[in-house]
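The values are calculated or read from the model by the stated rules, or taken from the named source; none is laboratory data. Just so it is clear, the structure is predicted and the values come from calculations on it, not from any experiment. As a convention, Cβ positions derive from the backbone with ideal geometry for all residues, glycine included, and neighbour counts pool all protein chains shown.
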């Protein structure tokens, strides 16, 4: 059976981390987060790792070109090719989305999952976590950034018929069940 190639989107507080873990368990894919990829490249001392290390240390944003290069490098590795993946945190822009489809070529993506949780609910969830940076202002700022930066990327994939919107409300188990069902039907099993 063809390995799953997935991208997951969801606002902060939508339960994306938990659901990524469940996707990994169910489909035996590799969870790829750009943050982890950057840290691994830095730790391995690769050429790209040496380029991103100072940017990360200064808290800067890694350029699209470097991000795409690091994702391309990781997607070519045997474990990912054999098992498939769920990408989390990439692509963030339509340009990165285009680059991703280009890298995957004919294999393409199985699906782009959009874990949909209303603004009021994610705001309440983030407030309930009680993290220091979860102030009303901090939460509003992060959610506005998501709408500004990420939603156009989801729309880009949507225009290409790749987005599965999954209702993120309910218990973790209910959401997982919906996700698994949507991904399975998108890939024909």
Which residue is modelled with the highest pLDDT, if the candidates are limited to segment 20-50 and must be in a loop (DSSP other than H, G, I, E, B) and over 15 Å from the mean Cα position of the chain (by Cα)? 28
Please go through (1) at pLDDT below 95; (2) over 19 Å from residue 153 (Cα atoms); (3) outside any helix (DSSP H, G or I) for residue 53 and return the number of the only condition it doesn't satisfy. (3)
The lone exception for residue 7 - which of (1) within 29 Å of residue 172 (Cα to Cα); (2) modelled with pLDDT under 95; (3) surrounded by 12 or more Cβ atoms within 10 Å (Cβ to Cβ) it fails: (2)
Across segment 111-141, the tally of residues that are out of contact with any helix residue (DSSP H, G or I) (no Cβ under 6 Å at 6 or more places or on another chain) and either within 26 Å of residue 177 (Cβ to Cβ) or crowded, with 18+ Cβ neighbours inside 10 Å (or both) stands at 12
Go through segment 66-103 and give me each residue that's under 13 Å from the mean Cα position of the chain (by Cα), over 25 Å from residue 184 (Cβ atoms) and outside any helix (DSSP H, G or I). 92, 93
If you scan segment 164-189, which residues turn out to be under 14 Å from residue 2 (Cα atoms), surrounded by 12 or more Cβ atoms within 10 Å (Cβ to Cβ) and out of contact with any strand residue (DSSP E or B) (no Cβ under 8 Å at 6 or more places or on another chain)? 184
Taking the criterion of being more than 13 Å from residue 13 (Cβ to Cβ) and in a loop (DSSP other than H, G, I, E, B), would at least one residue in segment 135-148 satisfy it? yes
Only one of 144, 182 that is closer than 22 Å to residue 90 by Cβ and in contact (Cβ under 8 Å) with a residue 40 or more places away in the chain: 182
